[in-house]
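Here's the structure, in structure tokens; my notes come after.
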Amino acid sequence: MNKVEKWLSVSESIEEYFLNEKILDTARNLDQKLKDYEFIFYIEGEIDGNRLLFNKEAIIPPQTISPDYVIPYWIPSNGFWGIVHKHPEPFIHFSGLDRIYTSTYPFSICFLWCGGHLVEAMYMDDKIDLKNIRYIKGVLGKSKINEDIVVRKQVELPFLCDKSLISRGLLTIDHDSWRMKTKDFFFIDA
């Protein structure tokens, strides 16, 4: 069984999702700093039977943010991940374009954040009842990202990225005709 087949068989059997409350703090902090912008961040999950546990620090991928859309420049290449996507108020449902990520490997669940809380969750085209999401307390572990992230596309500004990707030497932006305006970059500690 290849990794995508394994992801499908396991992701479709999940009955409960456990989300560390500190991940919600990450969403709140980003929301406060980027009030009028859409953004995303990833959370690494661990399988425990028919449960998916999110108990690791969020990863803010390199992305272009705007009030109307977000363009991520990297997606993890394996595992069982969640995505948290923020919409500015009052947009409390995933858009048609957002639904692409709800069925994209390796995302086993997509959460929508709006108005200071989670308002919707989906896997594939199926809504997940928010009652199936449990909140836990505790210290967050580190996500295991061992791949280099190289952004070779035309990067639009403003640009958001997790500062830890830079400090760990995992991010390279390869663009030969680009001028950086630091005010258009948000390097944020999750």
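The values are calculated or read from the model by the stated rules, or taken from the named source; none is laboratory data. From a predicted model like this one, the values you see are computed outputs, not experimental measurements. Positions of Cβ are generated from backbone atoms using ideal geometry, with glycine treated the same way; all protein chains shown enter the neighbour counts. To get the accessible areas, we keep the full protein, side chains included, count just its heavy atoms, and leave off ligands, DNA and RNA. Shrake-Rupley method; radii C 1.70, N 1.55, O 1.52, S 1.80 Å.
Of the solvent-accessible surface of the chain, computed with a 1.4 Å probe and all protein chains present, 50% belongs to carbon and sulfur.
Summary of the geometry: the range 103-123 and the range 46-96, compared by the centres of their Cα atoms, lie 7 Å apart. Each stretch of four or more DSSP H residues adds -39500 (n - 2.57); spread over every residue of the chain, this sum gives -4000 deg cm²/dmol at 222 nm. Whole-Hz Karplus values for the range 13-18 come out as 9, 5, 10, 9, 10, 10 Hz, taken residue by residue from phi with 6.51 cos²θ - 1.76 cosθ + 1.60 and θ = phi - 60°; glycine and proline positions read x. Against the compact-protein benchmark of 2.2 N^0.38 Å, the Cα-based radius of gyration of the range 66-130 scales to 1.06.
For the range 1-99, applying the loop criterion from DSSP together with a ceiling of 14 other beta carbons within 10 Å to the GluC sites (Glu not before Pro) yields E12, E15. At a probe radius of 1.4 angstrom, the accessible area of the range 15-168 per residue rounds to 47 square angstrom.
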